[in-house]
Amino acid sequence: MTTPLPIRIGIWTWLLAAVFAGYSGALASLPLPAVQGILFLLTALLLSGYFKLGSLRAWLDGLDLRGLVLFHLTRFVGVYFLLLYERGQLPYDFAVRGGWGDIIVASLALLICVLPLGASLRHRVITIWNVIGFADILMVVVTAARHGLAGDGQLRALTVLPLSLLPTFIVPVIIATHVIIFLRLKRAAVAAS
C-alpha cells in the first residue's frame, strides 16, 4: 500500500519540526512539564487525526498490523537509556526500568514481525504484546512526568537531540499505534464473531 502524498508531507513536516525543536534548543528552554505537555498534545492531535480524517484512518487501517508493530523497533532506544544511566545522565527509574521495558517490547515486536505465525495466533500474540507495550510506555511517560514535575534536571537529555525526538515524535506515535492496534484488534474480533 502506498502512502498518500498529503500523509507523507504531514509525517515529514512533523519529523523535521521535531528535529528543528531539538536542534535549535527550543525544547531545552522550556520547563520539563511543558515538554510532557507537548507529548500529550501531539498524541492527542495524532489520535484526533485518526478519528476525524478519513484518509488517515483508511491508510492506517489498511496497513498490515505488523507494520504498526514494526515501528516499535524504535524502542531499542532503551539500550541508549541504560548507557546514559551508567554515565549519570538519566535517573534510575526512568532509564533502567523504562530502558529494559523498551528493549523487551522491541524484541517481542521483532519476533512478532518475523515469526511465521498463523493469522489467529498472530492476533493473540499481538494482543498480548500490545497490552505489555502500552503498559510499559505509560509507565515511562508517568515516570518522566513525575521527574519533570519535581524539577529533576537529569531528564534534560530529553530536550536535545537525539532524545528530543522521543517526546516530539516517537512517543506520540508509539502511544497512538498502541491505541490503533487495540481498536483494529477489537474490530477484527467483532467481525470474526
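The values are calculated or read from the model by the stated rules, or taken from the named source; none is laboratory data. What you see is a predicted model, and the numbers here were worked out from it, not measured in a lab. Heads up, the Cβs are rebuilt from the backbone with ideal geometry, glycines too, and the neighbour counts pull from every protein chain shown.
Taking segment 72-116 as the search range and keeping residues that are of a type in the set (S, T, N, Q) and in a helix (DSSP H, G or I), which one is nearest to Gln154 (Cα to Cα)?
By that ranking, first place goes to Thr74.
For segment 151-177, which residues satisfy the criterion of being assigned to a helix (DSSP H, G or I) and of a type in the set (Gly, Ala, Ser)?
Gly153, Ala157, Ala176
Within segment 117-126, how many residues turn out to be loosely packed, with under 15 Cβ neighbours inside 10 Å and part of a helix (DSSP H, G or I)?
4
Starting from residues that are outside any helix (DSSP H, G or I) and not hydroxyl-bearing (Ser, Thr, Tyr), keep the ones in segment 23-58 and report whichever is nearest to Pro6 (Cα to Cα).
Here the answer is Leu53.
For the subset of segment 83-116 comprising residues that are acidic (Asp, Glu) and over 17 Å from Ile170 (Cβ atoms), which member is surrounded by the most Cβ atoms within 10 Å (Cβ to Cβ)?
Only one residue tops the list, namely Asp93.
When Pro31 is evaluated against the numbered criteria (1) surrounded by 15 or more Cβ atoms within 10 Å (Cβ to Cβ); (2) modelled with pLDDT under 95; (3) not hydroxyl-bearing (Ser, Thr, Tyr), which criterion, by number, is the only one it fails?
(1)
When Ala150 is evaluated against the numbered criteria (1) surrounded by fewer than 16 Cβ atoms within 10 Å (Cβ to Cβ); (2) modelled with pLDDT of 95 or more; (3) farther than 21 Å from Leu45 by Cα, which criterion, by number, is the only one it fails?
(2)
Testing Trp129 on (1) assigned to a helix (DSSP H, G or I); (2) within 16 Å of the chain's Cα centre (by Cα); (3) closer than 25 Å to Ala34 by Cα; (4) touching a residue at least 40 places away in the same chain (Cβ under 8 Å), one condition comes back false. Which one is that?
Exception for Trp129: condition (3).
For Ile9, only one of the following conditions fails: (1) assigned to a helix (DSSP H, G or I); (2) over 23 Å from Val160 (Cβ atoms); (3) of a type in the set (Val, Ile, Thr); (4) in contact with a helix residue (DSSP H, G or I) (Cβ under 7 Å, 6 or more places away or on another chain). What is its number?
Of the numbered conditions (1) assigned to a helix (DSSP H, G or I); (2) over 23 Å from Val160 (Cβ atoms); (3) of a type in the set (Val, Ile, Thr); (4) in contact with a helix residue (DSSP H, G or I) (Cβ under 7 Å, 6 or more places away or on another chain), the odd one out for Ile9 is (4).
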